[in-house]
Amino acid sequence: MRDTVLSRAVIGQETLLKQAALVLGGSLFIAMAAQVSFGWPVPISLQTLAILTVGLTFGSRLGAVTLVAYLAQGAAGLPVFANGMSTLALVGPTAGFLYGFVGMAFLAGLAVEKGLARGIVPTALVCMVISAALYIPGLAWPAAVLGKSMPELWTHWMAPFLMGDALKAVLAAMVVWGGWKALEARRG
């Protein structure tokens, strides 16, 4: 039976050094994806595509640790968040999404570990549900901190992003399942 987590299938036993390298590489991958963004106050970026890919590839715990490292890099002042933002983004209008990214990666990895993400269609569906769940912390923050109403949140913070989130969920599933197919072809 194959390992359910792609990173372990590719690199074998995850030593502490290998895990640290994965966390660093994954957090840098997410930081680069975040810079491909446009819009305000909630930028559309490739961040969630990268986060889903990291979660599906690294598993729940290592995926979540990677996102904690990513948030720590931003807290330390590195311009890793969308539009080159850093520390201030952790208390700005998008902070709920940033904190929710940890759960997003964890849930994507957990879905893989529990066998819910087997095949491209089930993986894409799982990623869509996880992407939708990101709106809970993402919208709770501006509602609580900025006093935004539900109609404002729907119109400006959610509706414009749903189609892109669905597309990024499908792309993440395709990337990870492409990785599995490449690994199988290499071994076969």
Quick one: is GLY92 in a helix (DSSP H, G or I) and open to solvent by less than 50 Å² (accessible area, probe 1.4 Å)? no
Does segment 16-31 include one or more residues that are buried (at least 16 other Cβ atoms within 10 Å of the Cβ), of a type in the set (Ser, Thr, Tyr) and either under 22 Å from LEU162 (Cα atoms) or touching a strand residue (DSSP E or B) at 6+ places or on another chain (Cβ under 7 Å) (or both)? no
With criteria (1) at pLDDT 95 or above; (2) closer than 25 Å to LYS114 by Cα, ALA76 comes up short on (2)
Long-range neighbours under 6 Å by Cβ, at least six apart or interchain, first residue hydroxyl-bearing (Ser, Thr, Tyr) within segment 81-101, second part of a loop (DSSP other than H, G, I, E, B): SER86/GLY77; SER86/LEU78; SER86/PRO79; THR87/GLY77; THR94/VAL42
Can you report the number of residues in segment 116-128 which are in a helix (DSSP H, G or I) and surrounded by 14 or more Cβ atoms within 10 Å (Cβ to Cβ)? 8
Within segment 158-176, is even one residue in contact with a helix residue (DSSP H, G or I) (Cβ under 6 Å, 6 or more places away or on another chain) and of a type in the set (Asp, Glu)? yes
For segment 152-166, the count of residues that are open to solvent by less than 40 Å² (accessible area, probe 1.4 Å) and of a type outside the set (A, V, I, L, M, F, W, C) equals 2
For segment 46-78, how many residues meet the condition of being touching a residue at least 24 places away in the same chain (Cβ under 8 Å) and part of a loop (DSSP other than H, G, I, E, B)? 3
Quick check on ALA105: is it buried (at least 21 other Cβ atoms within 10 Å of the Cβ), among the small types (Gly, Ala, Ser) and touching a Pro at 6+ places or on another chain (Cβ under 9 Å)? no
Taking segment 129-151 and the residues there that are more than 19 Å from the chain's Cα centre (by Cα) and surrounded by 15 or more Cβ atoms within 10 Å (Cβ to Cβ), the one that is modelled with the lowest pLDDT would be LYS148
If we keep only residues of segment 167-188 that are open to solvent by 30 Å² or more (accessible area, probe 1.4 Å) and over 16 Å from VAL54 (Cα atoms), then the residue nearest to the chain's Cα centre (by Cα) is LEU167
Please count how many residues of segment 151-188 are in contact (Cβ under 8 Å) with a residue 12 or more places away in the chain and in contact with a Pro (Cβ under 9 Å, 6 or more places away or on another chain). 4
Restricted to segment 63-89 and to residues being closer than 24 Å to GLU152 by Cα and open to solvent by less than 20 Å² (accessible area, probe 1.4 Å), the residue farthest from the chain's Cα centre (by Cα) is ALA89
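The values are calculated or read from the model by the stated rules, or taken from the named source; none is laboratory data. Just so it is clear, the model here is predicted, and its values are computed rather than measured. Cβ coordinates were reconstructed from backbone atoms using ideal geometry, including for glycine residues, and neighbour counts include every protein chain displayed. Please note that ligands, DNA and RNA were not included when accessible areas were found on the heavy atoms of the full protein model with its side chains. Shrake-Rupley method; radii C 1.70, N 1.55, O 1.52, S 1.80 Å.
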